[in-house]
Amino acid sequence: MADFQTDLARGRYDVKFFALRFLGIELHPGQVRMAEAYMFRDPTGWRAAYLTIAVAAGNRAGKTLALAIVIMHSCIYKMGSKPPQGGSAEEVRQWRVRPYMWFHFAIAQEIADLVYTEIVMILQGTHGAQHDGRCPLSEEVPHVAEWTKAYHSDYRWIVFDSMFGGAEIHFRTTGERALGSLGRDMHGLSFDECGLESRLDWIIKNVLQMRRLGTGGQLFLISTPEEGLTEFSDYWFAGDPEQPDRSPRKFSMRMSSRENLGYGLDQDMFDALVGDMDEDQIKQNVDGYFIQGRSAFFNHTSVDHAFVEGLPETVSAKNKHAYIQGVDPALAVDSLWSMVFDATKAVAVGVSAQRVRGKKTVDGIVALTQQVHYSYEVNRKNIKSSCATAVDATGYGGKMFKDLLDEGIPGGVRAIEFGASHKRKLLGDLRSSLDKGLIKMPRTGIWLAVRRQLLGYKLDDKHIEQDAVMALACAVSEIRRNPPGGLTSVPFDAYATGDPPIAPDWVHTPYE
């Protein structure tokens, strides 16, 4: 028994050892990386360092088994729950009887039950990954957990023995009925095949996030990537170590099917799996990469190349430079965007981006736009620069906004209409500029929100965030119309309202 207690103590912070010693399972390298990310603690020593862990995995990569082991480990050790401080018998008893709930979700009950089945097979010693056909933990502790009873005759439910603190695992779906009945604190949450859930962002923000506020519980998002830039990909990139705006409390990783060779997948099966796949399918379904969907409007590579490391997030006006401001006013609850580009040379460079969220007043929008405009249209002794502002004036609100701007910026504002076929033409011009490398933006700060909108944009844009794309399209339209650095000149734009220019230097005078 002494060895059992010593090994159990060691397993608390060593999931790889725990899996081999108590479950009879050797984790493959990808599963080890996932377990290590789960195990990292913050400076308290007991709270999780990563509150959200997203795993993009190939088919048959062993992600469900890895998740099952992480859930078992978290429940047995009550990870994330503040441990007894004094070590007295009473403190240990109180900690042991304290409730600990893990909720596992999927879009359908049969998918949620996959993890349930993995855990039950492990405890029974019948899992294929247990090469000796045994579960050491169940042999040494005969009643590790109860799994034969359904929770209120409703769904699968596992309850660990009181020796391990009596933690519970609930297996739920994201259907309306299931979500509507949730009201408890959750010490751990997981969502298997979350890439299939069309309401993922809403569910996380309005349901799951609220349930872990009092516990600091970890959330695991695991799925094989779906085609296109989905809501799951948004969450994954938020924790991608290679992204410059990655959240420090989120971690994302890939788990390739190749890593499961020799563990749960043999070479013959792998060859059969990839035999009829093209290169993109292999990257997505085997290696866990997000592949651009056919409905994506902008080329992923062109967008990525448009955002450059080292460019400063904001640059003030410079002498003899020409600037263009693009504005999407967003009078209602959407985000107002203002972007300014230095269009002095052939390649326009972003020098300012501002976003205002929530409901706004017309006067406030006008004031912000005028302030930005005159920050770049300067007539002082040492600095003389020009700025032209292009505004999305689609609909009544936009036209009213443009009229008010004309009072404060006489002759410096042009209205852009996105109605009907005009929108496709303007977006096409933006795409062309990106493909040709004529637009460059900083790869830092608020500009990364512009990048995400471009990557996720599609023509059927009714339910996606697009305000930054529209502001950028306004700026590009004005840049193309007034190209001091040599962009394709468009003397008259039939797709924009307002008076056409009467001369090539309508707004700008030549600059060096």
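Quick look at the numbers
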{"item": "Criterion (under 20 Å from Arg134 (Cα atoms) and among the acidic types (Asp, Glu)) met by exactly one of Glu26, Glu91", "result": "Glu26"}
{"item": "Within segment 143-166, considering residues that are assigned to a strand (DSSP E or B) and farther than 18 Å from Gln94 by Cβ, the one modelled with the lowest pLDDT", "result": "Tyr151"}
{"item": "Residue in segment 308-325 that is in contact with a strand residue (DSSP E or B) (Cβ under 9 Å, 6 or more places away or on another chain), assigned to a helix (DSSP H, G or I), open to solvent by less than 70 Å² (accessible area, probe 1.4 Å) and in contact (Cβ under 8 Å) with a residue 12 or more places away in the chain present", "result": "no"}
{"item": "Hey, Pro225 under 23 Å from Ile71 (Cα atoms) and without any contact (Cβ under 8 Å) to a residue 24 or more places away in the chain or not", "result": "no"}
{"item": "Unique residue being without any contact (Cβ under 8 Å) to a residue 12 or more places away in the chain and surrounded by fewer than 21 Cβ atoms within 10 Å (Cβ to Cβ) when the list is Pro43, Pro29", "result": "Pro43"}
{"item": "Residues of segment 211-245 that turn out to be at pLDDT below 85, more than 24 Å from Trp447 (Cα to Cα) and part of a helix (DSSP H, G or I), as a count", "result": "0"}
{"item": "Criterion: in contact with a helix residue (DSSP H, G or I) (Cβ under 8 Å, 6 or more places away or on another chain) and aliphatic (A, V, I, L, M) - qualifying residue of Met269, Met277", "result": "Met277"}
{"item": "Total residues in segment 267-277, condition closer than 19 Å to Ala56 by Cβ and either open to solvent by 80 Å² or more (accessible area, probe 1.4 Å) or assigned to a helix (DSSP H, G or I) (or both)", "result": "3"}
{"item": "Condition met for Gln354 (over 20 Å from the mean Cα position of the chain (by Cα) and surrounded by fewer than 21 Cβ atoms within 10 Å (Cβ to Cβ))", "result": "yes"}
{"item": "Filter pass, Lys345 being assigned to a loop (DSSP other than H, G, I, E, B), of a type in the set (D, E, K, R) and either at pLDDT 90 or above or under 17 Å from Met470 (Cα atoms) (or both)", "result": "yes"}
{"item": "Test: residue in segment 281-294 that is within 30 Å of Ala475 (Cβ to Cβ) and either at pLDDT 85 or above or aliphatic (A, V, I, L, M) (or both)", "result": "yes"}
{"item": "Condition met for Ala49 (touching a Pro at 6+ places or on another chain (Cβ under 9 Å), buried (at least 20 other Cβ atoms within 10 Å of the Cβ), over 23 Å from Lys149 (Cβ atoms) and touching a residue at least 60 places away in the same chain (Cβ under 8 Å))", "result": "no"}
{"item": "Top-ranked residue in segment 374-397 [being assigned to a helix (DSSP H, G or I) and farther than 21 Å from Lys345 by Cβ; ranked as modelled with the lowest pLDDT]", "result": "Tyr396"}
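Quick grid of which residues meet (1) in contact with a helix residue (DSSP H, G or I) (Cβ under 8 Å, 6 or more places away or on another chain); (2) farther than 17 Å from Ser338 by Cβ; (3) free of Cβ contacts under 8 Å to residues at least 40 places away in the same chain:
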| site | (1), (2), (3) |
| --- | --- |
| Gly412 | yes, no, no |
| Glu417 | no, yes, no |
| His422 | no, yes, no |
| Ser433 | yes, yes, no |
| Lys440 | yes, yes, no |
| Arg443 | yes, yes, no |
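The values are calculated or read from the model by the stated rules, or taken from the named source; none is laboratory data. In this text, all values refer to a predicted model and were calculated from it rather than measured experimentally. Backbone-built Cβ (ideal geometry, glycine too); neighbour counts: all protein chains shown. Keep in mind that these areas ignore ligands, DNA and RNA; they rest on the heavy atoms of the full protein, side chains included. Shrake-Rupley method; radii C 1.70, N 1.55, O 1.52, S 1.80 Å.
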